[in-house]
1. When only the heavy atoms of the protein chains count and the probe is 1.4 Å, how do GLU82, GLU39 rank by accessible area, highest first?
2. If you average the C-alpha positions of the range 138-197 and of the range 65-123 separately, how far apart do those two centres end up, in angstrom?
3. Quick one: which residues, 5 or more positions from SER190 or on another chain, have an amide H under 5 Å from its amide H? H modelled 1.01 Å from N in the peptide plane, none for Pro or chain starts.
4. In whole percent, how big is the carbon plus sulfur part of the accessible area of the range 63-166, probe 1.4 Å, protein atoms only?
5. When the Kirkwood radius is taken over all Cα pairs of the chain, what Stokes-Einstein diffusion coefficient follows at 4 °C and 1.567 mPa s, in µm²/s?
6. Please give the per residue accessible area of the chain, computed with a probe of 1.4 Å over protein heavy atoms only, in Å².
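The values are calculated or read from the model by the stated rules, or taken from the named source; none is laboratory data. Values in this document were obtained by computation on a predicted structure and should not be read as measured data. Accessible surface is based on the protein model in full, side chains and every heavy atom, while ligands, DNA and RNA are left aside. Shrake-Rupley method; radii C 1.70, N 1.55, O 1.52, S 1.80 Å.
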Amino acid sequence: FFLQRISTMFKKFDPSEDVSTSTQVKASVQRGIKSQIHEFHPVLGEAVLDELLPKKPPLTQYKIGPHLMLYCRQSPDKGGDEPVFFQHRDGPILPTLKFVHKYPKVQFTRVTVDKGAIPFLLGGANVMCPGLTNPGGEMPADDGETNGLEKGDGVVIYAEGKELPLAVGMMTMSSSDVRKKNKGNGIEVSHFLGDGLWGTDEIQ
């Protein structure tokens, strides 16, 4: 599955070796990126996205391997480009953990895993369904009043007792199915605390 390969790629990611090309993102493309981010993280309104990703200077798109794009914004000190989002093929646009940590009050779509899942998550393992359904785990409700999660949704992964997230990934089944089946992979992890992308502050 492709996000397993992303996880493997980012585990030892080295921008000096793994980045092939870079291009400046056109304004129309940047609007499309913001629209996709809003689709998967609906709480992020236009004003918030404009503050996080201002029109100027524009984003820079770095190609990693054949199908992975890393979107970066110019660092405040203008020393290089700071990774902020990434996308594989036509999958969800996912935020980097450092970007999420920098803006802890920004409400990305999130789930929480129980304490027992933490060591596995920090090793880059996928999130199994029980890690989301055990006491301490949490997902958006599937009660008809609020929207649960669908297969393919991008999520930021927090852990029980931890203030900041440990990983990001994509739902491999809906939150409703996670609750019903309660076995197998619930989330394919693509980027986690301590991997090569986490260790990359800037791309020169």
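1. The most accessible residue leads, giving GLU39, GLU82.
2. With the range 138-197 and the range 65-123 each reduced to a Cα centre, they are spaced 14 Å.
3. VAL168, GLY169, MET170
4. 50
5. 75
6. Ligands and nucleic acids excluded, the result is 51 Å² per residue.
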